Amino acid sequence: MSDRLRFAEAVCVGHPDRLADTIADRIVTLATSRDPDALVGVEVALHRGVVFVDGRVAAGREAAAVGEGEIVALVRQAFADAGYGTTPSGVFLPDPASLEVRTDLCLGPLPEASAPSAT
């Protein structure tokens, strides 16, 4: 047996799997920062200049924890943070501002049966 480490996959921050995970993590972080009992289950897929975000974000009793506009902004920022767009070393596509972000989300308050009980 070899003492060397072997990786099944090594990816950079801008790799689609890593970028999709980052976007999902940021959605969870945003929702739970506003309501620690938020229920978040999202999937993110990337293909060229299109980002698909679907799933559910539920929190509180009266309003959604996050809005679709916030999620679109969060997606664009994640791409910019990963080095896409115009940088001092050049332009790396896709440009975050020109991304097409498609959402299919159930946003809203937690139903009574899903909310934690205060006992």
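Here are the numbers:
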| read-out | value |
| --- | --- |
| Cross-chain or 6+ apart pairs with Cβ under 7 Å, the stretch 97-108 first and touching a residue at least 24 places away in the same chain (Cβ under 8 Å) and under 18 Å from Tyr84 (Cβ atoms), then assigned to a helix (DSSP H, G or I) and open to solvent by 50 Å² or more (accessible area, probe 1.4 Å) | Leu99/Arg76 |
| Candidate set from the stretch 83-94 (those that are touching a residue at least 40 places away in the same chain (Cβ under 8 Å) and of a type outside the set (A, V, I, L, M, F, W, C)); member that is surrounded by the most Cβ atoms within 10 Å (Cβ to Cβ) | Tyr84 |
| Per-region count, the stretch 56-76, residues open to solvent by 30 Å² or more (accessible area, probe 1.4 Å) and either part of a strand (DSSP E or B) or not small (Gly, Ala, Ser) (or both) | 7 |
| Condition met for Phe79 (of a type in the set (Phe, Trp, Tyr) and open to solvent by less than 30 Å² (accessible area, probe 1.4 Å)) | yes |
| Residues (touching a strand residue (DSSP E or B) at 6+ places or on another chain (Cβ under 7 Å), open to solvent by less than 30 Å² (accessible area, probe 1.4 Å) and either within 18 Å of Pro96 (Cα to Cα) or assigned to a strand (DSSP E or B) (or both)) located in the stretch 12-32 | Leu19, Ala20, Ile23, Ala24, Ile27 |
| Filter pass, Glu70 being touching a residue at least 40 places away in the same chain (Cβ under 8 Å), more than 19 Å from Leu19 (Cα to Cα), among the acidic types (Asp, Glu) and out of contact with any Ser or Thr (no Cβ under 6 Å at 6 or more places or on another chain) | no |
| Any hit, the stretch 33-52, residues being open to solvent by 50 Å² or more (accessible area, probe 1.4 Å), at positive phi, of a type outside the set (S, T, N, Q) and modelled with pLDDT under 90 | yes |
| Selected residue (criterion: nearest to Pro36 (Cα to Cα)) from residues of the stretch 77-111 that are assigned to a helix (DSSP H, G or I) and not hydrophobic (A, V, I, L, M, F, W, C) | Gln77 |
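The values are calculated or read from the model by the stated rules, or taken from the named source; none is laboratory data. Predicted, not measured: the structure shown is a model, and the values here were computed from it. Reconstructed Cβ throughout: ideal geometry from the backbone, glycine too, with neighbour counts over all protein chains shown. Only protein heavy atoms, including side chains, enter the accessible area calculation; ligands, DNA and RNA are left aside. Shrake-Rupley method; radii C 1.70, N 1.55, O 1.52, S 1.80 Å.
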